[in-house]
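Where a number appears in this text, it was derived from the coordinates with a stated rule and is not lab data. Worth saying up front: this structure is predicted, and the values here are computed from it rather than measured. Here Cβ is always computed from backbone atoms with ideal geometry, including for glycine, and neighbour counts include all displayed protein chains.
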Amino acid sequence: MSNTDKYVSPLSERYASKEMQYIFSPDMKFRTWRKLWIALAETEKELGLNITQEQIDELKEHADDINYEVAKEREKQVRHDVMSHVYAYGVQCPKAKGIIHLGATSCYVGDNTDMIVMSEALTLVKKKLVNVIDELAKFADVNKALPTLAFTHFQPAQPTTVGKRATLWMQEFMLDLEDVNYVLGSLKLLGSKGTTGTQASFLELFDGDQETIDKIDPMIAKKMGFKECYPVSGQTYSRKVDTRVVNVLAGIAASAHKFSNDIRLLQHLKEVEEPFEKSQIGSSAMAYKRNPMRSERIASLSRYVMVDALNPAITSATQWFERTLDDSANKRLSVPEGFLAIDGILDLCLNVVDGLVVYPKVIEKRLRSELPFMATENIMMDAVKAGGDRQELHERIRELSMEAGRNVKEKGLDNNLLELIAADPAFNMTLEELQKTMDPAKYTGRAEVQVEAFLKNVVGPMLDENKELLGMKAEINV
């Protein structure tokens, strides 16, 4: 059967990287199962069970050459994926088959593998997030002093700089990075706690030796690269862990969505554009169009991830006692798809930021068209210094501003507020004097200084700390 006659997830075909896809692949899962079985057998041997080094060596010899066909055929008979792979491993390891999975339940391999996979996936997410912040930092630094019209309510407000606006995007991603670091650092293994979390099978295996049993989970954790296991559990680790992990992804999605919205609005204003390839087609009907398709895709996938975060939360809330299986199908979808989607989102963000195009002339033209309104307070102060009455001047500026606004909105004329003020004897100022107040840099406040401080004090130390992760480039598939 070819890929053209069955459903194939767009997350695999169009959006997620090969690296993230492998983390959630069957091969990654089943290789990890075997590593866990080896860790369990080694631990049990080291704690005194009758397991030989020859058996351990046999398990290690076949850790990676998984006989998938044998497992597949076995599963058709027994309808149990874990026991099918225990059987297949035993076919390859006849000397060790009797001690594979000894004392464990299916969740020993299933849940511990899920924790390992989520840890690997979060590590990749962190790497990409750091690189997005790095590219935004470069963009902010280059444009830290470039004045631009700021908006509140998408209405013209006091000017800012292009670089300062980029720090707002960066700060949200920095908050996401803090969350990634926290959750990544908090992940623990389930360990090996048996069918209801009581370790009853190990009580039998080790003849009731409590001190020895206490050593099992820490030893397994260490062998698998974790600091510790969750101290208590039912048959599974708490599904609240999945909720915490996917909520972090939803936070990144929210930040990316906000960033993409701003880029789409700026592209509409023709001030900033996302990359547009030489042969790229913007519209099938309107050949002149340059649609912000990358930013639109970021928004689209981000909405998916934010909604997806409901799945683990509801699953966690509806688990019964020590374990129910109504988590399984949902978990197989919601966790991998959340990661695959956020992976695609971060690749798109990296691609967009790396190729952002700024149009200073358009930015300046729009800013100057609004600047006379914003300069009125300075103009009024200068007129007061020259002997004018503050209250009378305030009223005259209000009236002239309304007149200039009508000229722009109703007659389609340019903003002529400066000309109107120059013609009013109450201000006693020439048009040339007024135009000298129209330097946009005078109205951006501390924006440039804030960018420099943010990059130096906040972003810079983080990038230094994670310098080994830097240097990624992102290619998008379609």
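List the trypsin sites (Lys or Arg not before Pro) within segment 1-72 that fall in a DSSP loop (any state other than H, G, I, E or B) and whose Cβ has at most 10 other Cβ atoms within 10 Å.
Details: sites: K6, R14, K18, K29, R31, R34, K35, K45, K60, K72; in loops: K6.
Those satisfying the criteria are K6.
May I ask you to derive the relative contact order of segment 129-286, considering only C-alpha pairs under 8 Å and at least 6 residues apart, and to give it as an integer percent?
Answer for segment 129-286 is 18 percent.
Could you please rank D354, D217, placing first whichever residue has the fewest other Cβ atoms within 10 Å of its Cβ?
Listing D354, D217 from fewest to most nearby Cβ atoms yields D354, D217.
Measuring from centroid to centroid over Cα atoms, what is the spacing of segment 200-275 and segment 144-179 in Å?
31
Can you give the Rg/Rh ratio of segment 203-265, where Rg is from the C-alpha atoms and Rh is the Kirkwood radius?
Result: Rg/Rh = 1.32.
Hydropathy first: keep DSSP H helices in the chain averaging at least 0.0 on Kyte-Doolittle, then drop any whose Cα extent along the axis falls short of 24 Å, and list what survives.
Qualifying helices: 106-142, 162-186, 240-268, 328-354.
Can you sort V384, V162, V117 by how many other beta carbons sit within 10 Å, fewest first?
V384, V117, V162
Using only the alpha carbons of segment 116-218, determine the length spanned along each of the three principal axes and report them from longest to shortest in whole angstroms.
The principal-axis extents, from largest down, are 76, 27, 19 Å.
DSSP loop (so not H, G, I, E, B), at most 12 other Cβ within 10 Å: list which GluC sites (Glu not before Pro) in segment 424-478 pass both filters.
For GluC sites (Glu not before Pro) across segment 424-478 that sit outside H, G, I, E and B with at most 12 neighbouring Cβ atoms in 10 Å, the list reads E475.
Name the trypsin sites (Lys or Arg not before Pro) in segment 229-278 that are in a loop by DSSP and that have at most 10 other C-beta atoms within 10 Å, would you?
Working: sites: R239, K240, R244, K258, R264, K270, K278; in loops: R239, K270, K278.
Answer by residue number: K278.
Past the 36 angstrom mark, what percentage of all C-alpha to C-alpha distances in the chain do you count?
Here the long-distance tail beyond 36 Å is 48 percent of all Cα pairs in the chain.
Using a Cα-Cα cut-off of under 29 Å, which lysines could be cross-linked to K6, ignoring same-chain neighbours fewer than 8 residues away?
K18, K29, K72, K76, K331
Counting other beta carbons within 10 Å of each Cβ, put F373, F206 in order, fewest first.
Listing F373, F206 from fewest to most nearby Cβ atoms yields F373, F206.
In terms of Cα to Cα distance under 14 Å, which aspartates and glutamates are near enough to K188, apart from those fewer than 8 places away along the same chain?
Qualifying aspartates and glutamates at Cα under 14 Å: D111, D114, E120, D217, E228, D242.
Quick one: compute the contact order of the chain, relative version, from alpha carbon pairs under 8 angstrom and 6+ residues apart, as a percent.
Once normalised by length, the contact order is 19 percent.
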